[in-house]
Amino acid sequence: MSETTERNRPGQDIGAESLGKGQSVRRGGGDPGSRGRTIIADGVVEKITGMAARDVAGVHAMGSGMSRTFGAVRDRVPGGSKSGVTRGVKAEVGEKQTALDLEIVVEYGVSIADVARDVRENVVAAVERMTGLEVVEVNIAVSDVKLPDEADEEQPEPRIQ
């Protein structure tokens with residue numbers, strides 16, 4: 001085999017010293033977009049999930065009554081820790097998959113089965129589209145039903161009048 005044929009064989013990495021005019025060094029392999037890892041934090045998936053779940057008709061609130069009450073107070077305190085968007089959402093995120101747990105309050109009169117199905121569909125679509133992760137499960141716990149005559153627990157009564 002000649003030196004030229006040996007140097008230019010397809011798939012062979014070649015050094016800069018053996019390059020002819022018009023040739024370049026191949027660096028790395030494959031598509032540049034696939035080099036390296038992307039890590040998505042649990043909180044990112046929880047925010048996406050919370051927003052997608054709240055967009056579904058029939059979902060009144062997220063989280064249990066107690067967590068909503070504490071959350072409403074915490075939201076009023078400067079530097080309150082957890083975002084209201086993630087209330088009632090827990091995500092477990094791996095490298096390629098995620099599993100989600102949601103706690104919701106539904107409006108009185110809606111079909112809970114239909115709301116749960118719609119929440120799952122909306123959450124799976126949003127999380128997979130935005131993160132590229134495969135959603136392996138979306139577990140939904142319905143913790144309460146918001147009756148038409150009930151006051152929102154989100155607004156705690158003032159201590160003084």
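A short reminder: the numbers here are calculations on the coordinates, not readings from a lab. On a predicted model such as this, the values are computed, not experimentally measured, just so you know. Cβ placement follows ideal geometry from the backbone for every residue including glycine, while neighbour counts extend to all protein chains displayed.
Once you place label points 7 Å from the Cα toward the Cβ at Met130 and Glu95, how far apart are they in nm?
2.5 nm
Pulled fully out, how much extra length does the chain show between Thr38 and Val145, if you take 0.36 nm times their separation in residues and subtract their Cα-Cα distance?
34.6 nm
Mind ordering 131-143, 98-110 by average Cβ neighbours within 10 Å, highest first?
98-110, 131-143
Going by average Cβ neighbours within 10 Å, how do the peptides 84-91, 57-64 rank, with the highest at the top?
For the peptides 84-91, 57-64, the packing ranking is 84-91, 57-64.
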